[in-house]
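Novice: One structure follows; several queries about it will come next.
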Amino acid sequence: MASPEPAQHLRTYAQIAWLWIRAAWQYPTSFVLLAVGNGLITGLDFVGLWIMFAHLDDLAGFTLHEVALLYGSASLALAVADTAIGSVERIGTYIRTGRLDQMMTKPVPLLVQVCADQFTLRRLGRLTQATVVFGWACTYVDWTPLRVLVAVSMLVSGAMVFFGLFVGFSCVQFWTTDATEFANAFTYGGATVTQYPLNIFPREVMVGLTFVIPVAFVNWYPCLHLLGRTDPYGTPEAFQFASPLAGVLTMAAALLVWRTGVRHYTSTGS
């Protein structure tokens with residue numbers, strides 16, 4: 001029997017997510033307070049950046065609004081991925097409690113269930129804050145049709161890269177069952193790194209962020225095009241348009257690791 005179309009997987013994901021949203025909305029005050037609190041806490045990140053620029057004219061040659069573009073685009077890509085599939089980080093807990101075994105008995109793709117499980121819109125605070133910062137920074141960009149296209153592809157591709165990192169590194173828990181912090185180092189840690197100009201790091205780090213953990217494609221290269229800048233490290237201009245390729249390759253690698261992890265999984269025995 002042929003497997004369901006991707007559209008069917010998306011509908012199934014949406015149905016599961018909606019069940020969790022309805023459950024959370026049974027306590028609307030808690031829902032709103034947590035969403036607002038999340039937004040305020042993440043907002044302090046940019047406030048700290050703003051205070052820093054009160055004592056600096058630029059950071060590695062980048063002004064406040066240029067750093068804001070990097071910050072907003074990286075945060076927005078992470079927020080979209082985290083909101084959509086952040087639950088995959090709990091795979092270790094699902095394995096230890098036997099919940100993953102229960103999911104495997106259901107006629108729904110396992111990855112769809114894991115990503116949609118305990119879906120929450122409380123992360124909208126982070127998403128809203130990132131959108132506001134990115135929108136403000138965009139007012140300083142000299143827009144052209146090509147730059148609009150690059151900006152849109154940057155946000156979509158950045159979310160795809162983080163999707164791949166979330167899934168790929170969470171799969172380590174199929175072998176260790178407790179490696180959430182290890183995965184966070186590459187997901188949230190990767191987002192933190194890309195919120196700043198990458199030329200503050202040595203060339204060796206930049207190479208790793210381009211070819212090993214490709215978070216440089218989340219925003220650094222496309223933002224160079226949006227700002228009309230060349231890469232301080234002299235990488236080819238084509239890299240500024242390669243974010244979609246990086247997103248597709250990262251997702252493909254993550255799905256391969258996921259299938260390997262599922263095949264390796266032998267149940268908790270409980």
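The values are calculated or read from the model by the stated rules, or taken from the named source; none is laboratory data. Nothing here was measured: the structure is a model prediction, and the numbers come from that model. Neighbour counts are summed over all protein chains in view; Cβ atoms, including those assigned to glycine, are modelled from backbone coordinates with ideal geometry.
Novice: Those residues that are in contact (Cβ under 8 Å) with a residue 60 or more places away in the chain and of a type in the set (Val, Ile, Thr), I need them from the stretch 251-270; list them, please.
Specialist: The answer is 257, 260, 262, 268.
Novice: Of (1) closer than 22 Å to residue 67 by Cβ; (2) of a type in the set (S, T, N, Q); (3) buried (at least 17 other Cβ atoms within 10 Å of the Cβ), residue 139 satisfies all except one. Which?
Specialist: (3)
Novice: Moving to a separate point now. Tell me the helices (runs of 4 or more DSSP H) entirely within the stretch 154-270 that contain at least 3 residues that are at pLDDT below 95.
Specialist: 173-176, 180-186, 188-193, 203-211, 243-264
Novice: Still on this structure, I have one more. Which of the numbered conditions does residue 73 fail, given that it passes all the others? Conditions: (1) closer than 16 Å to residue 262 by Cα; (2) crowded, with 16+ Cβ neighbours inside 10 Å; (3) polar (S, T, N, Q).
Specialist: (1)
Novice: Right, next: What residue, of 248, 212, 152, 193, is touching a residue at least 24 places away in the same chain (Cβ under 8 Å), at negative phi and among the β-branched types (Val, Ile, Thr)?
Specialist: 248
Novice: Same structure again: Please go through the stretch 84-103 and give me each residue that is more than 16 Å from the chain's Cα centre (by Cα), within 25 Å of residue 188 (Cα to Cα) and of a type in the set (Val, Ile, Thr), ordered by number.
Specialist: Within the stretch 84-103, 91, 93, 95 qualify.
Novice: Can you tell me how many residues within the stretch 98-111 are surrounded by fewer than 22 Cβ atoms within 10 Å (Cβ to Cβ) and either under 24 Å from residue 154 (Cα atoms) or touching a residue at least 60 places away in the same chain (Cβ under 8 Å) (or both)?
Specialist: 6
Novice: Looking at (1) more than 30 Å from residue 197 (Cα to Cα); (2) within 20 Å of the chain's Cα centre (by Cα); (3) basic (Lys, Arg), find the lone condition where residue 106 falls short.
Specialist: (2)
Novice: Shifting gears a bit: Anything in the stretch 45-54 that is surrounded by 12 or more Cβ atoms within 10 Å (Cβ to Cβ) and not aromatic (Phe, Trp, Tyr)? List them, or say none.
Specialist: Scanning the stretch 45-54 gives 45, 49, 52.
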